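Read through the structure below, which is laid out as structure tokens, and then see the notes.
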Amino acid sequence: MGFLARRKHLFLLLIYPLVGLGFLFCKVMVTTPTYWIEWPLVDRAIPFLPFMVWPYVSWYFVVAFPFAWLGLRDSREFVRYCCFIFGGMTSAYVIYLLFPNGIALRPSFAVLGSGWEYDALRWVYTNSTPRNVSPSIHVINTWGVLFALYRDKTLGRSPWVRGLLALLCAAIVVSTVTIKQHSVIDIFTGTVWAAVCYFFCYSRRSPFFSGTEQGLRT
């Protein structure tokens, strides 16, 4: 209790399960996409690379890391990161419900392969349907991780960490199209939406955080 009393900002993590329920709600509500988000000329030219499923699934751990790192070290940046991730995901859900979208890019043979990478790919395809894809939450949250850790007073000051982090995040974004989970359009819309979230969570002109730096410190 003393640990939590000194880190009351950690209670924001209780919002995460609610955000997860939002994704499930969209999954149930959007069963037939109204808008097919594809760029055939480009999407069909991108090779299918099963091994890229590993950076794709690493996303779950990559997004979780700043919650732990910032939660224990920097309450102000932790709050900003929470706002970016929770706000970005929730606003994406609203878009999915208003503009039900999906893709039809998955190769039929993708689930027939053998080996760990195909097992992981089947898990992804089973648990993440080709609906509710634009803007890509994978892309939005990956940008959020990059923003948060680049601003960190320890990790953000190391050129090696910044370089490795940039490569990892780039691999995650590329993986969304090389395992045919997303279209390149989803990367574009996800990046644009991440820019919007950046304005609200990190920009000096943010209507939510301007002039409240001291109030975010605990």
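Figures for the structure shown
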quantity	calculated
Residue match in segment 165-172 (condition: touching a His at 6+ places or on another chain (Cβ under 9 Å) and outside any helix (DSSP H, G or I))	no
Condition check for TYR125: within 17 Å of THR178 (Cα to Cα), hydroxyl-bearing (Ser, Thr, Tyr) and touching a residue at least 12 places away in the same chain (Cβ under 8 Å)	yes
Check on SER175, surrounded by 22 or more Cβ atoms within 10 Å (Cβ to Cβ), at pLDDT 95 or above, touching a Phe, Trp or Tyr at 6+ places or on another chain (Cβ under 9 Å) and not in a helix (DSSP H, G or I)	no
Matching residues, segment 49-85, being surrounded by fewer than 18 Cβ atoms within 10 Å (Cβ to Cβ) and under 18 Å from LEU18 (Cα atoms)	TYR60, ALA64
Near pairs, Cβ below 6 angstrom, 6+ apart or cross-chain, from segment 38-53 (farther than 12 Å from LEU121 by Cα) to any residue that is surrounded by 10 or more Cβ atoms within 10 Å (Cβ to Cβ) and of a type in the set (Ser, Thr, Tyr)	GLU38/SER183; TRP39/SER183; ASP43/SER183
Count of residues meeting criterion [touching a helix residue (DSSP H, G or I) at 6+ places or on another chain (Cβ under 8 Å) and either polar (S, T, N, Q) or surrounded by fewer than 21 Cβ atoms within 10 Å (Cβ to Cβ) (or both)] in segment 129-142	7
Test: ILE185 is of a type in the set (Val, Ile, Thr), over 13 Å from the mean Cα position of the chain (by Cα) and buried (at least 20 other Cβ atoms within 10 Å of the Cβ)	yes
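The values are calculated or read from the model by the stated rules, or taken from the named source; none is laboratory data. Not measured: the values here are computed from a predicted model. Neighbour counts run over all protein chains shown; Cβ positions are idealised from the backbone, glycine included.
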